[in-house]
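The values are calculated or read from the model by the stated rules, or taken from the named source; none is laboratory data. Since we're looking at a predicted model, the values are computed, not measured. Cβ: placed from backbone, ideal geometry, glycine included. Neighbour counts: every protein chain shown.
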Amino acid sequence: MIIEPDIKLDFKDVLIRPKRSTLTTRKEVDLNRKFSFVNAKLDIPYQGHKLISEYSGIPIMASNMDGVGTLEVADALIPHGMFTCLTKIYSGKELIEYFLSNNNKGGRSDYVAMSIGITEEDRKKFNDVYEQVGEKLRYVCIDVANGYTERFCNFISDFRNRYSNIVIIAGNVCTADQTQELILKGADIVKCGIGPGSVCTTRVKTGVGYPQLSTIIECSDAAHGLGGHIISDGGCTVAGDIAKAFGGGADFVMLGGMMAGHDEGGGKISGNKVQFYGMSSETANDKHFGGLRNYRAAEGKTVEVPYRGKITDTVQDILGGLRSACTYSGARRLKDLCKCTTFIRTTVQENKIYS
């Protein structure tokens, strides 16, 4: 047994200290980021080398959850330059039609990822879609609850060897060492966060987890040292939390609950509420897997969130808050927010002596 005495922080434990700014209006803030990916190489030779795949947009992601990572949400976020990891429930046929559709509004290849697990069925499904749509599918989100298993790492390594040009999003983990391991195995972006989600009960059921702000600070430092990137996944309940995540060093911020309850999510509206559930909940297992297997416990819950109408209104609120956070911090670009951020502690934890 080992006890780490260092204090770890969540979003609720800090505020961003305001600083002198030369910005005169929030309109001056540039929220767009550009990233290149260390492991994904385009199949286009250039002066004897393969070009590096790149991303440009506002690095906020809709989570690959039911009611959030839908085709309709993805199309609604593309005009804003925002990203979506599609839920795993879509069939190969639906995905092929989506990426090849003549009604493509543009940007699906740049801002939408197909999500899979690590079974042979998942591998075959991806390959079937990829063979049909080709370069229109640039991103894959390889998503499991526990990103620490040897099986998961081996899957990432094998997938990278098979698909050298695909940008791999892999997770979830919450520590620096495994963030580095996944990048070395071939991931480009590591999804970081275990237990902070609003409908996740992993911390309650297992006692496992890591405070999300410290996860971001430690994992981003580890990833950036190898040329990789991280997603802060979970824990954001208000726009200010998103600003704190970027201020802590996150490259992307993934939202679940904040993106739930909209028309584009397709959830059933009852009164003024919409059902929202974790993907390890009993509801999700009953819906997609015929019930919870007898060796597992549900690590998610089902709640009702307010019906929020069109997602564009929520997007405007989120981006407006983020621009305001940048002006308070003196950051002219979202890229500069981490350098401009000073966190002040707002909670006090007693020092304890362990023997």
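Would you check if there is a residue in the stretch 141-151 being touching a Ser or Thr at 6+ places or on another chain (Cβ under 7 Å), closer than 26 Å to ALA74 by Cα, surrounded by 24 or more Cβ atoms within 10 Å (Cβ to Cβ) and touching a residue at least 12 places away in the same chain (Cβ under 8 Å)? Within the stretch 141-151 (the criterion being touching a Ser or Thr at 6+ places or on another chain (Cβ under 7 Å), closer than 26 Å to ALA74 by Cα, surrounded by 24 or more Cβ atoms within 10 Å (Cβ to Cβ) and touching a residue at least 12 places away in the same chain (Cβ under 8 Å)), the answer is yes, since at least one residue qualifies. Just one of the numbered conditions (1) over 18 Å from CYS200 (Cβ atoms); (2) at pLDDT below 95; (3) in contact with a helix residue (DSSP H, G or I) (Cβ under 7 Å, 6 or more places away or on another chain) is not true of ASN272: (3).
Taking into account only those residues within the stretch 134-145 that are of a type outside the set (Phe, Trp, Tyr) and modelled with pLDDT of 95 or more, which is nearest to THR201 (Cα to Cα)?
Start the filter on the stretch 134-145 by keeping residues that are of a type outside the set (Phe, Trp, Tyr), which leaves 134-138, 140-145.
From the residues that got through so far, the ones that are modelled with pLDDT of 95 or more too are 137-138, 140-144.
Numbers: LEU137: 33, ARG138: 32, VAL140: 26, CYS141: 22, ILE142: 21, ASP143: 17, VAL144: 15 Å.
Here the answer is VAL144.
Report yes if GLU72 is in contact (Cβ under 8 Å) with a residue 60 or more places away in the chain and part of a helix (DSSP H, G or I), otherwise no.
Numbers: in contact (Cβ under 8 Å) with a residue 60 or more places away in the chain: yes; part of a helix (DSSP H, G or I): yes.
Against the criterion (in contact (Cβ under 8 Å) with a residue 60 or more places away in the chain and part of a helix (DSSP H, G or I)), GLU72 qualifies.
For the stretch 285-304, the criterion of being at pLDDT 95 or above, of a type in the set (Lys, Arg) and either within 24 Å of LYS27 (Cα to Cα) or assigned to a helix (DSSP H, G or I) (or both) is satisfied by no residue at all. Determine if the stretch 99-112 includes at least one residue that is in contact with a Cys (Cβ under 6 Å, 6 or more places away or on another chain) and buried (at least 23 other Cβ atoms within 10 Å of the Cβ). The answer is no, given that none of the residues of the stretch 99-112 is in contact with a Cys (Cβ under 6 Å, 6 or more places away or on another chain) and buried (at least 23 other Cβ atoms within 10 Å of the Cβ). Examine the stretch 159-170 for a residue that is free of Cβ contacts under 8 Å to residues at least 24 places away in the same chain, surrounded by fewer than 17 Cβ atoms within 10 Å (Cβ to Cβ), of a type in the set (Ser, Thr, Tyr) and in a loop (DSSP other than H, G, I, E, B), and state whether such a residue exists. No, that holds for no residue. From the list ALA250, ALA243, the one residue that fits, being part of a loop (DSSP other than H, G, I, E, B), of a type outside the set (Phe, Trp, Tyr), buried (at least 18 other Cβ atoms within 10 Å of the Cβ) and at pLDDT 95 or above, is ALA250.
For the stretch 224-235, residues that are surrounded by 20 or more Cβ atoms within 10 Å (Cβ to Cβ) and more than 20 Å from ASN32 (Cα to Cα) total 2. Considering the conditions (1) on the phi > 0 side of the Ramachandran plot; (2) out of contact with any Phe, Trp or Tyr (no Cβ under 8 Å at 6 or more places or on another chain), GLY235 is excluded by exactly one of them, (2). Is it the case that the stretch 96-113 has a residue that's closer than 29 Å to SER198 by Cβ, among the hydroxyl-bearing types (Ser, Thr, Tyr) and assigned to a loop (DSSP other than H, G, I, E, B)? Within the stretch 96-113 (the criterion being closer than 29 Å to SER198 by Cβ, among the hydroxyl-bearing types (Ser, Thr, Tyr) and assigned to a loop (DSSP other than H, G, I, E, B)), the answer is no, since none of the residues qualifies.
You will find that of ILE311, ILE318, the residue that is modelled with pLDDT of 95 or more and touching a strand residue (DSSP E or B) at 6+ places or on another chain (Cβ under 6 Å) is ILE311 and no other.
If you take the residues in the stretch 130-185 that are over 21 Å from the mean Cα position of the chain (by Cα) and among the aromatic types (Phe, Trp, Tyr), which one is farthest from ASN39 (Cα to Cα)? Lay out the reasoning, then the answer.
Of the residues in the stretch 130-185, the ones over 21 Å from the mean Cα position of the chain (by Cα) are 130-135, 150-151, 154, 158, 161-164.
Then drop every residue that is not among the aromatic types (Phe, Trp, Tyr), which leaves 130, 163.
Details: TYR130: 18, TYR163: 10 Å.
Checking each candidate, the answer is TYR130.
Among the conditions (1) β-branched (Val, Ile, Thr); (2) surrounded by fewer than 17 Cβ atoms within 10 Å (Cβ to Cβ); (3) assigned to a helix (DSSP H, G or I), the only one that THR347 does not satisfy is (3). Within the stretch 181-235, work out how many residues are in contact (Cβ under 8 Å) with a residue 60 or more places away in the chain, closer than 13 Å to GLY147 by Cβ and among the hydrophobic types (A, V, I, L, M, F, W, C). Result for the stretch 181-235: 4.
Rundown of residues vs (1) modelled with pLDDT of 90 or more; (2) under 30 Å from THR346 (Cα atoms); (3) more than 20 Å from the chain's Cα centre (by Cα), yes/no style:
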residue	(1), (2), (3)
ASP6	yes, yes, yes
PRO18	yes, yes, yes
ASP30	yes, yes, yes
LYS34	yes, no, no
PHE37	yes, no, no
SER53	no, no, no
GLU72	yes, no, no
LYS105	no, no, yes
SER109	yes, no, no
